[in-house]
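Student: Sharing a structure below in structure tokens format, with a few things to ask.
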Amino acid sequence: MIFVCQKNRSSGKRCSEQKNPFRRNTVFWVIFFLVFVGSLWSSDELKNHAVIVYNSNYPESESIAHEYAKLRGIGGDRVIGLECSQNEEISRKEFEETLLKPLERVFLQNNWIQRFADRERFGSKVFELKKSVRNEIWVLVLIHGIPLKIAHDPQLQDVEVPRPELSSNAAAVDSELALFPIYGTPRTGPLRNPFYQPDIGRRYDVFDSDQMILVGRLDGPTPMIVRRMMKESIEAEENRLVGRACLDLRGINDPKNPYAQGDQWLKDAEISLKKHGFPLDKDVKAELFPDWLPWNQIGIYLGWYEGNAQGPFMKSRCFSTGAIAYHIHSTSASTLRSSTANWAGPLLASGATATMGCVYEPYLDMTPHLDIFMKRLLEGYSFGEAAYASQKVLSWMTTVVGDPLYTPFKKAIDEAIGVAQENKSDRLPWLEMQRRKIKVDQSPDVDRVQLLSDISPIEGNPWVLEEAGDFLNEKKDSLNAASQFYERAYSHASSGIDRVRIGSKAARASALLGKWNRAYEILQELSTRFPDEFLKRGGVVALQTISGRADAPSVPASLEPYLKVSSGVYDGPF
């Protein structure tokens, strides 16, 4: 179970006031250089400072590392093999002997890092540290086979912590290595993340490199899945991520509830997604999204709170290319090598391209703050930057799974539309619809029906026509126009899962307009042509919901047996 903890670091004040002699001390020069470097920043800057680390003892780890280096244009001299355990969980000693110290040697041998000695107080103890004064490596990409987590050592207690629950020295390997520029920090409890960005956002640059490194891992249940993740990151980045955004809240409205924070993150993430025109499904019930939902084309999924993956993800691949999916849970990533246990592995196995997770109990406030994560991602940050900008602490429990260089919104919407037009890409309808929704967000009084009067850019794409119906359905006075879009979408849909989902919306819109014959006609067609999907993927729920209206006429005889099927009426996003 996740617990909430207000404290976010175990360190105390500096023992020494020794300054880094290579830093400017005046506010003027700090601001000047920040602005100057920011003006030169590009997404390739991270790639130019990346190192890839693989496990030479693990099958296919080396080949995946070199494939990734080729995809990203990273030189072979930046691909490092280390002899590590083949296990996901290792001891603190194994971590230091097979990962931390070997990496230190490689960095020093290649003159990638320059350090100076310093002393700092953590709690009541003074630690001898080696701090970076120059670090050329900004990103570490850990490859499938590198151990995932460091087990707690009950014999190790190297610093006092303010709360007993923070006394663990367990950690995610990623999170521990993120503090690599500061060598010798305490191993017990979490430490403050200097890149955490609750208010003002800024891209990772040279000023961050002597404090922390962006560490992500290309990992998952199988090498085949990892290779797909690599390739789909590139494809989505070059074209801009599209698809539906699905948010699964718990319906916590009491601000005094210690778990209200998690729901608030998702509510704030919803604001960011709407601002950027994303199609959105949201559930505010305590239960997870039900398994029967006929979903596909999910670009973003954020939700909580269940121990093992459930829902439509486990029934079919429902993610779009480049999808980012994350489920808050204490042990969401206790293993990455299973397609059924916890959440991270199953989400990747179901088609997601990137995720995050916790390897041991993190406590809620020390998991990624999803409002910040989503805001930074949509602003054009890389996956690695957004992931670390959203975490208060390091040397703790979060693992970042996916290409840390992956920048799903690298291209602005207009640029992405230009690319899609040139390539005749099937992403074009998605992007056109998003651009129109952005206009409404900027000018809420825009006539939605008029905005969609020219449907040529989205004609033929059932998912985007469906989204146009959802978009119009938000306004009660646009129901007739929404119904027409659902009908268009239904006529273009081909797969059973799409026909059931879109047809159910078309039937519901017809019923609301009093067109009961058409509503039942659609449901009869679905039950006849796609009986399995109708029964198991939401058709029965739609029938029972529609026929349960007070003004509903009797259902046709062919549909009556379905009224006896136990399904429960659902009034969520479907």
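The values are calculated or read from the model by the stated rules, or taken from the named source; none is laboratory data. In this text the structure is predicted, and so the values were computed from the model without any measurement. All Cβ positions, even for glycine, are placed from backbone atoms using ideal geometry, and neighbour counts span all protein chains on display. Quick note on the areas: whole protein, heavy atoms, side chains included, nothing else; ligands and nucleic acids left out. Shrake-Rupley method; radii C 1.70, N 1.55, O 1.52, S 1.80 Å.
Student: Roughly how many nanometres apart are two label points built 7 Å out from the Cα toward the Cβ at residue 48 and residue 451?
Tutor: Each label point is offset 7 Å from its Cα along the Cβ direction, giving 3.9 nm.
Student: Got a sec to turn the phi values of segment 312-329 into Karplus ³J(HN,Hα) couplings, 6.51 cos²θ - 1.76 cosθ + 1.60 with θ = phi - 60°, whole Hz, x for Gly and Pro?
Tutor: These are the phi-based 3J(HN,Hα) values: x, 4, 8, 9, 6, 6, 10, 9, 7, 4, x, 4, 10, 9, 8, 10, 6, 6 Hz.
Student: State the percentage of accessible surface on segment 54-165 attributable to carbon and sulfur atoms; use a 1.4 Å probe and exclude ligands, DNA and RNA. Let's see the in-between values first.
Tutor: Details: 2400 of 5230 Å².
In segment 54-165, the share of accessible area belonging to carbon and sulfur is 46 percent.
Student: Let me ask another. What is segment 390-503's relative contact order, in percent, from Cα pairs under 8 angstrom and six or more apart in sequence?
Tutor: On the way: 82 pairs, mean separation 19.1, N = 114.
Worked out over segment 390-503, it gives 17 percent.
Student: Give me, ordered by chain and number, the residues 5 or more places off residue 352 or on other chains with an amide H under 5 Å from its own placed amide H.
Tutor: none
Student: Compute the helix-to-body angle for 223-239: its Cα long axis versus the longest principal axis of the chain, expressed 0 to 90° and rounded to tens.
Tutor: It works out to around 80 degrees.
Student: From the protein chains alone at 1.4 Å, what is the descending order of accessible area for 93, 130, largest first? All intermediate terms of the calculation are to be shown ahead of the outcome.
Tutor: Details: 93 150, 130 85 Å².
Ranking 93, 130 by accessible area, largest first, yields 93, 130.
Student: Right, another one. Just subtract the alpha-carbon distance of residue 423 and residue 157 from 0.36 nm times their residue separation and send over the number in nm, one decimal.
Tutor: Details: separation 266, 0.36 × 266 = 95.76 nm, distance 5.83 nm.
Working it through step by step, the gained length comes to 89.9 nm.
Student: Could you tell me the calculated FRET efficiency between residue 287 and residue 134, based on Cβ-Cβ distance and R0 = 56 angstrom, to the nearest 0.05?
Tutor: Numbers: r = 52 Å, r/R0 = 0.93.
So the FRET efficiency works out to roughly 0.60.
Student: Quote to one decimal, in nm, the extra length available between residue 121 and residue 83 on full extension: 0.36 nm per residue of separation minus the C-alpha distance between them. Please report the intermediate quantities before stating the final value.
Tutor: Details: separation 38, 0.36 × 38 = 13.68 nm, distance 3.37 nm.
The span from residue 121 to residue 83 would gain 10.3 nm if fully extended.
Student: Can I ask one more? What is the helix-to-structure angle for 428-442, meaning the angle in degrees between its Cα long axis and the longest Cα principal axis of the chain, kept from 0 to 90 and rounded to the nearest 10?
Tutor: 80
Student: How high is the FRET efficiency between residue 414 and residue 558 when r is their beta carbon distance and R₀ equals 56 Å, given to the nearest 0.05? Please list the in-between numbers first.
Tutor: Working: r = 49 Å, r/R0 = 0.88.
Between residue 414 and residue 558 the formula returns 0.70.
Student: Rank 387, 347, 368 by how far each Cα sits towards the positive end of the charge dipole of segment 317-443 (+1 on Lys, Arg Cβ; -1 on Asp, Glu Cβ) and give me just the farthest.
Tutor: It is 347, whose Cα lies furthest towards the positive end.
Student: Related question: For residue 480, project a label point 7 Å along Cα to C-beta. Then give me every residue of segment 515-542 with its amide nitrogen under 18 Å of that point.
Tutor: What the label zone holds, given the 18 Å backbone N cut-off, is 515-519.
Student: Which whole-number value in Å² is the accessible area per residue of the chain, probe 1.4 Å?
Tutor: Averaged over the residues of the chain, the accessible area is 40 Å².
Student: Now for a different question. Would you list 366, 224, 314 from the most to the least accessible area, probe 1.4 Å?
Tutor: Highest to lowest solvent-accessible surface, that is 224, 314, 366.
Student: Counting only the heavy atoms of the protein chains, how much of residue 355 is accessible to a 1.4 Å probe, in Å² to the nearest 10?
Tutor: The accessible area comes out at roughly 0 Å².
Student: Can you tell me the 0 to 90 degree angle between the C-alpha axis of helix 27-40 and the longest principal axis of the chain, rounded to 10?
Tutor: Relative to the chain, helix 27-40 is tipped by roughly 50 degrees.
Student: For a quick check of your reading of the filter: which GluC sites (Glu not before Pro) in segment 74-121 sit in a DSSP loop and have no more than 16 other Cβ atoms within 10 Å? Intermediate results must be reported in sequence, preceding the final value.
Tutor: Working: sites: 83, 88, 89, 94, 96, 97, 104, 120; in loops: 83, 88.
Sites meeting the loop and neighbour criteria: 83.
Student: Could I ask something else about it? Using a simple spin-label model with points 7 Å from Cα along the Cα→Cβ vector, what separation in nm is obtained for residue 268 and residue 199?
Tutor: Here the modelled spin labels are 1.3 nm apart.
Student: Measuring from label point to label point, each 7 Å out along Cα→Cβ, what is the residue 224 to residue 566 span in nm?
Tutor: 3.7
Student: Give me the extension gain from residue 257 to residue 317: residue separation times 0.36 nm, minus the current Cα-Cα distance, reported in nm with one decimal.
Tutor: Values: separation 60, 0.36 × 60 = 21.60 nm, distance 3.50 nm.
Using 0.36 nm per residue and subtracting the Cα-Cα distance, I get 18.1 nm.
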